[in-house]
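Since every read-out is calculated from the coordinates, none of them should be taken as a lab result. None of the values given here were measured: they were computed from a predicted structure. So basically every Cβ, Gly included, is an ideal-geometry build from the backbone, and we count neighbours across all protein chains shown.
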Amino acid sequence: MPSQAQLLPGTLDLLILRAVSLGPLHGYGVLLRIGQISGNALLIEQGALYPGLFRLVRQGLLKTTWGTSENNRRAKYYELTAAGRKRLREETESWNRLATAIGAALAAQPEEA
Amino acid sequence: MKFLDSLAFRIAALFRRSRLNDDMDDELRSHLDLRADDLERSGLSRAEAERRARIEFGAYQRVKEECHQAAGGTFFESVRQDLRLAYRMLRKSPGFTAVAVVTLALGIGANAVVFAVLNALILRPLDLPQAQRLYAIEDRGGSGYQSYPDYEDLRDRNRSFDGLAAYNITQAGLDTGKDPAPAWVYEISGNYFDVLGIQPYLGRVLHASDEHGENSAPYIVLTHGYWHSHFQDDPNVIGRTVQLNKHPYTIIGVTPPEFRGTLLFFTPDIFVPIVNHEQLAGASELEQRGRRWVFEALGHVKPDVTAEQATADLNSVGSYLEKTYPKDDGKLSFALARPGLYGNFLGGPVKAFVAGLMVLAGLILLAACANLGGLFAARAADRSREVALRLALGSSRGRILRQLLTEATLISLVGGTVGLFASIALLQRLSLWNPIPRFPIHVPVSPDAKVYMVALLLALLSGLLFGIVPVRQVFHTNPYQVVKSGATGVVGRRISAREVLLMMQIAICAVLVTASIVAVRGLVRSLHSSFGFDPQNAVLVETELSMAGYRGDAVPAMQKRMLDALSALPGVQSVGLGSSIPLNMDAGTGTVYSEKETDLRPMNAAAQPYRFAVSPGYFEATATTLLTGRTFSWHDDDKAPRVAVVNREFARKVLGSVEDGVGRRFKMKDVGLVEVIGIVEDGKYLNLTEDQKPALFLPILQSPVSQSWMIVRSTADPQELTTAVRSRLHDLDSGLTLYIEPWNHEIQGVLFPMRMATVSLGVLGIMGAMLSITGIFGMAAYSVSKRIKELGIRVALGARHREILRAALGRSVKLLAFGSIAGMILGLLATRVLSSIVYQATPRDPVVLAGVVLAMSLLGLLATWMPAQRVLRLDPLMLLREE
């Protein structure tokens, strides 16, 4: 098993949005998708996922429908709303800015050794 | 909007909670199944896979709880938490809670009462079918009186009403076989009940088909109330024959209990056809177009006709009548008015009065809110440490505000409920109240759902209003600052707007207190002043002999027999009879001229005295002191020379002398020359606050009247005397209609306006006092809280109690003193206004001044008691350690 990183606070929402943006998913599917797209580098507690999903639904970023899974189980599917799509774009940008800035800061070399 | 949306979402979530719960279970279970499927595929047994899936998932219940929270479902749980905390906080400071609740109860109660009156009198005038199309006809002057022929023409010639009914109010003697008594009568047109849509409760009601010309319909319809009180709900009364003014009438029906006539204040006892007017009034007026005696005509405007079209239609009938009967009908111009308050005649003043009350009540509530806001600010200041701590520990400002608002709402609900219950009790008494016993006057103001709603809304609104006051404080709380250094006690020297407001409140309160003390003094004094007669130990008997069938010469003969019979009763000292009695609001006036005047026109009159026709014995029976001369005897009849007794004022004004007045003469148009044979003391004749008026007494045998009051003076118990008088008079004629009442009861009607003024002033004074107390209390409490640390240090440094108290409460006391003085000065200036209502009102009276000072000091003491206690109990050690 590859070494897994702890999630930074606040990044779970972003990951869920990203995962769902690739197509409707049920909760377990979200978990698998995040694992898949992060190369299994990010650890998400299964129980922590659901409050996040409910929170995003309440904020109107996700919408839900009941459907049937590939192995014939009833499951609730999540999908991005227009607001969710917009939020994902914004969050992605701001994350990229932050990551670049922090990366640059960490990469800076002392001017005089 | 966002807030509302989220609120709606949360409320919906609450109701959805069980469904949401199932939904959540389904979803989480499906997750476990899917995970187990995957694990099974990797080679585990089904049972092992499911076990592993559950372990991986973690604490199922906790996840669910977190999901609920995330979905917004726990809002109401946190509200419950808030409520519990608020309840605990309020219990911890019972003084604060009690003051706040009482203040609000006063404010809400006052508003509920006034709104109930507004609702009953203006918003829902008459409880009748299709009341929104029901209109009464009035003329441009605001009077609804019509002559009967004009009413008939209006009824038959208009094209806009679904029928037009008319009624008139009068009194008649009703004899049901025992103890005839006057009853209040609506004389009604035959179509009255059909036009209004009233179905009988029992028997049948009157219909237009019952009318066949004058005195053709000897039928009585009883109101439910009268049937209940006078016939004990006996269903066999239908078909019974009774005597009305000595004419046989048949009872044909009873109206439903909710129907109380078409004049809100005035509920009749019985309904009688208006075509029988002659038998009730003693004069035939049905054919006289010039005599406007029919009280009001009313009906439903047809659904497709507007009020303007109906008015125009009526006016076209009016101009036809003008042209056809130029002698009787002058300019006829009609308007439509809401029935129930007699159109704009009563409706206008009532509306203005109630609107004024509403404004006043609103102001009281606003003042209450301002004061409660002050109290809450003081409380919030006290709790600034707690608030700061909670903020520092990560509570959101919104959550803390919600807590404060929950407290305010809780107080407003409790206060509102208390106020509402108090107002309901008051309104029920008001509805039953019959201010003037002789008239069936009631103010039907029972509260309904609308009143409850308004009270509740007002309570919540004021809760928000005063709850919001400390919001700024909370938002500006800097947790680091407060926790580090404690609440900083900077007290501004500047006079704030709140202080000015408070001072005004105190001033108004002082005016009200002054006014109530003046009014009470005046009332007490007027009860003990000389009326020119003595209402104690006397019983009044009102008789209308024409109701019992007496006419002409039979009237004075019967009156003499009655007086003789009553004077023979044991214990009776004197008996007299008068056309009217003083202070009974029905005293007529006459016009007198000096002896030498030949041109007897009103402009040359010497005086306009009150005029009474009285029997021998009248002055003894009323206990009016004779100054000089003699009083009447039974020899002063229509064959004897014309004589009169006058009061001192009359003698002074018309005769020119009190001492030598006896024997002098004056002139009256209908009587001629009259010689004065006696002069009596001055008295009060129409009301207690009148200036001294001249009065003239003529012998009953020279100016006969059939309607009269007998005064029976006796030391016997009024109850027994009443019974004895009644049976004695019924021995003479069992058909006499009698109204018997102790004189000091009857006088209540006269004292009524003064009593009302005193009571209202008293209530206003108490309200003002309550508001001032909460105002001062709030401010004192606030200033103590703000400076508590400074005061503690002072105590530690050895300051004495007196100095500490002065530092803590000096400003509040100063405000109170300035406000009171201003109020007292205003009260003194308002004397003139007061004295028009209250007899001998003067605030320049040491008792009043002392009373006001005492009341205001007491008020100050009460208001500063709790803050002062807190200051005196200051323990600097505790305080400094805490800080």
Chain B: angle of helix B:397-432 to the longest principal axis, Cα-based, in degrees nearest 10: 20
Computed E for B:L413/B:R726 - FRET, C-beta separation, R0 60 angstrom, nearest 0.05: 0.65
Alpha carbon centroid spacing (whole Å) that separates region B:711-773 from region B:285-325: 42
In range of the label at B:I793: residues from region B:850-876 whose backbone nitrogen is under 20 Å from the point 7 Å along Cα→Cβ: B:871-876
Relative contact order [Cα under 8 Å, 6+ residues apart], region B:193-241, whole percent: 28
Unit charges at the beta carbon, dipole of region B:131-340: most positive-side option, B:Q132, B:T170, B:T241: B:Q132
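To two decimal places, what compactness ratio does region B:131-340 give when its Cα radius of gyration is scaled by 2.2 N^0.38 Å?
It is 1.03.
Between B:L85 and B:I55, what FRET efficiency comes out of the Förster formula 1/(1 + (r/R0)^6) with R0 = 30 Å and r the beta carbon distance, rounded to 0.05?
Values: r = 38 Å, r/R0 = 1.28.
So the FRET efficiency works out to roughly 0.20.
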Nitroxide proxy distance, nm - points 7 Å out along Cα→Cβ at B:S229 and B:L686: 3.0
Shape call, region B:504-655: gyration tensor on alpha carbons, a/c limit 1.5: oblate
Cα→Cβ-extended label distance, 7 Å offset, between A:A48 and B:I468, nm: 4.2
FRET efficiency estimate (nearest 0.05) - Cβ-Cβ, B:R802 to A:K86, R0 60 angstrom: 0.30
Those aspartates and glutamates that a straight Cα-Cα span of less than 20 Å connects to A:K86, excepting residues fewer than 8 apart in one chain: A:D13
Estimated inter-spin distance, B:H212 and B:A554, nm [label 7 Å along Cα→Cβ]: 2.8
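Run the numbers on region B:538-746 and let me know its relative contact order in percent, using alpha-carbon pairs under 8 Å that are six or more apart.
37
For the protein assembly as shown, what is the mean residue ellipticity at 222 nm derived from helices alone (per DSSP H run of n ≥ 4: -39500 (n - 2.57); sum divided by total residues; nearest 500 deg cm²/dmol)? Let's see the in-between values first.
On the way: 31 runs with 516 residues, N = 996.
The per-residue figure over the protein assembly as shown is -17500 deg cm²/dmol.
Only Cα pairs under 8 Å and at least 6 apart count here; give the relative contact order of region A:11-104 as a rounded whole percent. Please list the in-between numbers first.
Values: 95 pairs, mean separation 29.6, N = 94.
Result for region A:11-104 is 31 percent.
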Restraint check, B:K92/B:K814; B:K560/B:K693; B:K596/B:K669; B:K302/B:K351, Cα-Cα greater than 21 Å: B:K92/B:K814; B:K560/B:K693; B:K302/B:K351
